[in-house]
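Participant: I have a structure here, written as structure tokens, and I will follow up with some questions on it.
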Amino acid sequence: MKKYLLYIVLVFLLSAISALAENNLLSFIESLQRVKTLKVSFVQITRLDPDLDEKDVYEGEIYYKRPSKFKWVYTKNSEMEIVSDGKEVYTCIPEEKKLFKSSLKEGIDYLPMIRILESPQEFNNYFRVVSDAKFKDKVAFELVPLKDNLTYKRVIVVFRQDKIVPISFQVLNDDGSDITYIIKSWEENVKLPETVFKLDRCTFKEAK
């Protein structure tokens, strides 16, 4: 009888943990539908080889304005910036004197954080939740993209248990590398002038 009761308690606790993670996810997605502008500051930790204890650390900011305008700019250890004017996406790499242009759809598809921001109401068309977990005061869930031929295979989003704003995103790539974005600040519906969504660091022509 005691074993049976213990089993019931364990099932209940596991169900509660799963529901909690789902609630964080649903609340986050729902809240994004009310976001018109967003400013995010982050620390980026990049591991090119998971078997080696070598990491590159960057800092940066993301500016977003609905619909489809964003600027992803690095402020430490890189001069790269990625800008969408709402029609096309430009990737500027000043260190290499390179500028690339891609379609809006392609540019957003390769940036999972921007994809989630851009289409929260269509989240289930782009991602599938495959697992969730609770550890200490945090809840995490694992997403896989539904679109083929992307450079990443999984995204892990972590929340504090009682918050709906994520504290980190981790992107796991097909080549074995991974990138973790630790969110330093998350400011919704702030005033962003149109001049934000322009390239500041590229004065050279697009690479062929």
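The values are calculated or read from the model by the stated rules, or taken from the named source; none is laboratory data. On a predicted model such as this, the values are computed, not experimentally measured, just so you know. In this analysis, Cβ positions are derived from the backbone assuming ideal geometry, glycine residues included, and neighbour counts consider all displayed protein chains. Remember, those area values only see protein heavy atoms, side chains included, never the ligands or the DNA or RNA. Shrake-Rupley method; radii C 1.70, N 1.55, O 1.52, S 1.80 Å.
Participant: Here are the criteria: (1) open to solvent by less than 40 Å² (accessible area, probe 1.4 Å); (2) farther than 16 Å from residue 39 by Cβ; (3) at pLDDT 95 or above. Tell me which single one residue 150 does not satisfy.
Facilitator: Here residue 150 meets the rest and fails (3).
Participant: Based on what the data block shows, is residue 120 free of Cβ contacts under 8 Å to residues at least 12 places away in the same chain and not aliphatic (A, V, I, L, M)?
Facilitator: Spelling it out, it is not the case that residue 120 is free of Cβ contacts under 8 Å to residues at least 12 places away in the same chain and not aliphatic (A, V, I, L, M).
Participant: Find the strands (runs of 3 or more DSSP E) located wholly in the stretch 79-154 whose residues include 2 or more that are among the aliphatic types (A, V, I, L, M), and list them.
Facilitator: Result: 81-85, 88-93, 127-135, 138-145.
Participant: Surrounded by 11 or more Cβ atoms within 10 Å (Cβ to Cβ), modelled with pLDDT under 85 and acidic (Asp, Glu), is that true of residue 30?
Facilitator: no
Participant: For residue 70, which of the numbered conditions (1) within 15 Å of the chain's Cα centre (by Cα); (2) open to solvent by 30 Å² or more (accessible area, probe 1.4 Å); (3) hydrophobic (A, V, I, L, M, F, W, C) fails to hold?
Facilitator: Only one criterion in (1) within 15 Å of the chain's Cα centre (by Cα); (2) open to solvent by 30 Å² or more (accessible area, probe 1.4 Å); (3) hydrophobic (A, V, I, L, M, F, W, C) is unmet by residue 70, namely (2).
Participant: Please indicate, with yes or no, whether at least one residue in the stretch 126-137 is closer than 26 Å to residue 36 by Cα, in contact (Cβ under 8 Å) with a residue 24 or more places away in the chain, in contact with an Asp or Glu (Cβ under 6 Å, 6 or more places away or on another chain) and of a type in the set (Val, Ile, Thr).
Facilitator: Looking for residues that are closer than 26 Å to residue 36 by Cα, in contact (Cβ under 8 Å) with a residue 24 or more places away in the chain, in contact with an Asp or Glu (Cβ under 6 Å, 6 or more places away or on another chain) and of a type in the set (Val, Ile, Thr), one finds none in the stretch 126-137, hence no.
Conditions (1) open to solvent by 30 Å² or more (accessible area, probe 1.4 Å); (2) among the basic types (Lys, Arg); (3) farther than 24 Å from residue 85 by Cα, marked per residue:
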{"position": "139", "(1), (2), (3)": "no, no, yes"}
{"position": "168", "(1), (2), (3)": "no, no, yes"}
{"position": "179", "(1), (2), (3)": "yes, no, yes"}
{"position": "202", "(1), (2), (3)": "no, no, no"}
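Participant: For the stretch 43-67, which residues satisfy the criterion of being outside any loop (DSSP other than H, G, I, E, B) and either farther than 19 Å from residue 89 by Cβ or open to solvent by 60 Å² or more (accessible area, probe 1.4 Å) (or both)?
Facilitator: 43, 45, 46, 47, 56, 57, 58, 59
Participant: Still on this structure: For the stretch 161-168, does any single residue satisfy the condition of being within 22 Å of residue 46 (Cα to Cα), in a loop (DSSP other than H, G, I, E, B) and not hydrophobic (A, V, I, L, M, F, W, C)?
Facilitator: No, the conditions are met nowhere in the stretch 161-168.
Participant: Can you pull out every residue in the stretch 73-103 that is crowded, with 20+ Cβ neighbours inside 10 Å and more than 21 Å from residue 118 (Cα to Cα)?
Facilitator: Passing the criteria: only 92.
Participant: Can I ask one more? Of everything in the stretch 43-63, what is touching a helix residue (DSSP H, G or I) at 6+ places or on another chain (Cβ under 9 Å) and under 14 Å from residue 169 (Cβ atoms)? Give them in sequence order.
Facilitator: Scanning the stretch 43-63 gives a single hit, 62.
Participant: Here's something else I'd like to know. Need pairs with beta-carbon distance below 9 Å; first residue touching a residue at least 60 places away in the same chain (Cβ under 8 Å) and within the stretch 81-110, second open to solvent by less than 50 Å² (accessible area, probe 1.4 Å) and among the acidic types (Asp, Glu); sequence gap 6+ or separate chains.
Facilitator: 90/81; 92/81; 94/81
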